[in-house]
């Protein structure tokens, strides 16, 4: 008889959850408000999880859920028993008695792309890290340090470099770039062109100061919202933006080198908005550099909740062959029709 | 007849003020609480200035003060008339009717080191910037962007690199370094050695996470307090700390190159705790690289308030010869006996 499993992701911008069967179908997938325990607190995250589980299981039997795997960025913060108990209680309130297993977001990304046990993940979205995976668990991590200490090559880093390049161009210590207008228009709410009027040393200092103050007045992570300006400027042929993309790609591929030898043949999985799309300027450069320096197949991550659901199936079907689990993997991670 | 002038510095950690004569003596120097208008607000800064002026002028005639020059980091924020009026009012409350002139901290540092009109300042303390000086005014600035966007090679940057190096060593993506124990002991309040006990992948992740969380729990600028750990580790022969110092020096000298041509013969003034001392690990490296790549004399900044006082003398003695002003400069900036 098919049992049910739950795969979930507790993200900063959304809580996502899928109910799957051991046969590989996914009868329900729901999305709720952001509920990352690190950014929103454990109670809020647990409440979002409970609400998502209740909605996803409407018309299904909650008691048939035999395993729950939850992907969460910063999993290490959940190691204490109190948090685990709160999440278990939240699921129990939705009728699910299986105790949740927490895995890192790099691990669910890896398992969404491949049923293989070993390989590498390069994650570059708002943050950036490379992870060595052995037996579907993280063994070594490079970067992933958050915006304050690292995340080099991430959307945050791209946005910060855009501001730095704009300020250098304004001050005459860097080459001219269309990022001056694009960044100023976004940060200073001025019409494009308006900020370019003045030229004296005093006005240069004021324009530098205005940009520095505008960045300082916002939460630092909002620099990530400027990353698309780099992508647009690169597409329009701006050489400074292209150099930023070169630099980002070089840093990201260096992270891969920290956790992967050049001859390793296991899969290398890309995830995150900066590198997922094959035609994204950084993604394109990363793929080219990886092809030059590393062996093994390069895969793009599928939906992380499908990877989490597959891990849940594995947990309750340890006797199944690798072939059978790979079949279920293919079914679970196939692009789902929109409901 | 000798007139009086005031030179002051509105710093983040202290407000400092000296009363000087046009003949080059300094009858009073006082220090008060921090009063930088950007970090503490204009009202608080003005109150500290007023209190310092009152104390310094006790026994002197406030009406004899003919000029006031005030050095302040982030001078551009003071360009609006309201702030200038508040400071003028604060001085008037101490009996000083001369309207204050505000100059940047790089400008007072330059004028403390030399009476020459043109040259370069490399400032590397909590923050970092290089400034091109023409006619004693900043014409071009490289970096000085604050910790969020730049300050590369500063004490903040050194502290951040110390944490990054410690985390890389813990995770196995970087070489071993004594910074692991030094940084962990400082950030985690653990006894040295204690943090090195465990070795499994899970415990590595927890130790990484503990350091990341400890940094995130403090104001980012407090990373600057970790800079001395790099200096100590370098002195003890740690290769990773030495590489961080190499990197800091290279970044600082690159800033100099942004604002100074290789053949320029004007003075190059060093200021800030990271580079002032000739035997500081970064200062030593910076001096060596500068000697290789640039012409001109390398000077160390004297007390900025002496530079500010000299600018005030210049303002009210425009008819004096360069020689006479240079004599007054030498007198004002000579190391003062402690009171």
Exception for residue B:149 within (1) within 14 Å of another protein chain (Cβ to nearest Cβ); (2) part of a helix (DSSP H, G or I); (3) within 20 Å of residue A:204 (Cβ to Cβ) falls at (2)
Residue pairs qualifying under the 7 Å Cβ cut-off, at least six apart or on distinct chains, with the first in region B:163-174 being more than 7 Å from chain A (Cβ to nearest Cβ) and in contact (Cβ under 8 Å) with a residue 40 or more places away in the chain and the second being assigned to a helix (DSSP H, G or I) and surrounded by fewer than 21 Cβ atoms within 10 Å (Cβ to Cβ), are B:170/B:204; B:170/B:208
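From the list A:282, A:259, which one is under 25 Å from residue A:111 (Cβ atoms), within 14 Å of chain B (Cβ to nearest Cβ) and buried (at least 16 other Cβ atoms within 10 Å of the Cβ)?
A:259
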When restricted to B:76, B:46, the only residue crowded, with 17+ Cβ neighbours inside 10 Å, modelled with pLDDT under 80 and farther than 20 Å from residue B:2 by Cα is B:76
Going through region A:91-104 in order, the residues found to be in a helix (DSSP H, G or I) and either surrounded by fewer than 24 Cβ atoms within 10 Å (Cβ to Cβ) or not assigned by TED's automatic domain parsing to the domain that holds residue A:311 (or both) are A:92, A:93
Checked pairs for region A:257-283, first free of Cβ contacts under 8 Å to residues at least 12 places away in the same chain, second surrounded by fewer than 18 Cβ atoms within 10 Å (Cβ to Cβ) and assigned to a loop (DSSP other than H, G, I, E, B), C-beta under 6 Å and 6 or more apart or across chains, list as none
In region B:276-295, residues that are touching a strand residue (DSSP E or B) at 6+ places or on another chain (Cβ under 8 Å) and modelled with pLDDT of 95 or more total 7
For region B:182-191, state whether one or more residues are surrounded by fewer than 24 Cβ atoms within 10 Å (Cβ to Cβ), closer than 29 Å to residue A:261 by Cα, over 21 Å from the mean Cα position of the chain (by Cα) and at pLDDT 90 or above.
-> no
In region B:55-78, anything in a helix (DSSP H, G or I) and over 23 Å from residue B:333 (Cβ atoms) is listed as B:62, B:63, B:76, B:77, B:78
Residue B:66 meets each of (1) at pLDDT below 95; (2) surrounded by fewer than 24 Cβ atoms within 10 Å (Cβ to Cβ) with one exception, condition (1)
Considering residues that are touching a residue at least 60 places away in the same chain (Cβ under 8 Å) and either surrounded by 15 or more Cβ atoms within 10 Å (Cβ to Cβ) or outside the structural domain of residue A:281 (by TED's automatic domain parsing) (or both), the number found within region A:212-230 is 8
Of the listed residues (A:332, A:299), the one being touching a strand residue (DSSP E or B) at 6+ places or on another chain (Cβ under 7 Å), crowded, with 23+ Cβ neighbours inside 10 Å and outside any loop (DSSP other than H, G, I, E, B) is A:332
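Determine whether region A:86-105 contains at least one residue that is within 13 Å of the chain's Cα centre (by Cα) and within 14 Å of chain B (Cβ to nearest Cβ). Lay out the reasoning, then the answer.
First pass over region A:86-105, keeping only residues within 13 Å of the chain's Cα centre (by Cα): A:104-105.
Retained after the next criterion (residues that are within 14 Å of chain B (Cβ to nearest Cβ)): A:104-105.
Checking region A:86-105: at least one residue is within 13 Å of the chain's Cα centre (by Cα) and within 14 Å of chain B (Cβ to nearest Cβ).
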Just wondering, is there one or more residues in region A:109-118 that are at pLDDT below 95 and either within 14 Å of another protein chain (Cβ to nearest Cβ) or out of contact with any strand residue (DSSP E or B) (no Cβ under 9 Å at 6 or more places or on another chain) (or both)?
no
Scanning region A:128-146 for residues that are surrounded by fewer than 23 Cβ atoms within 10 Å (Cβ to Cβ) and in a loop (DSSP other than H, G, I, E, B), the one farthest from the other protein chains (Cβ to nearest Cβ) turns out to be A:136
- Task: Confirm whether residue B:278 is part of a loop (DSSP other than H, G, I, E, B) and within 23 Å of residue B:66 (Cβ to Cβ).
- Result: no
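For (1) at pLDDT below 95; (2) away from every other protein chain (no Cβ under 14 Å), each residue gets a yes or a no:
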residue: B:176; (1), (2): no, yes
residue: B:199; (1), (2): yes, no
residue: B:203; (1), (2): yes, no
residue: B:218; (1), (2): yes, no
residue: B:229; (1), (2): no, yes
residue: B:255; (1), (2): no, no
Any residue in region A:68-78 that is more than 14 Å from chain B (Cβ to nearest Cβ) and farther than 16 Å from residue A:305 by Cβ?
-> no
Checked against (1) in a helix (DSSP H, G or I); (2) surrounded by fewer than 23 Cβ atoms within 10 Å (Cβ to Cβ), residue A:306 satisfies every condition except (2)
Out of (1) within 12 Å of chain A (Cβ to nearest Cβ); (2) out of contact with any strand residue (DSSP E or B) (no Cβ under 9 Å at 6 or more places or on another chain), the one residue B:81 does not meet is (1)
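The values are calculated or read from the model by the stated rules, or taken from the named source; none is laboratory data. All values reported here derive from a predicted model rather than from experimental measurement. Because the Cβ atoms are built from the backbone with ideal geometry, glycine has one as well, and the counts that use them run over all protein chains shown.
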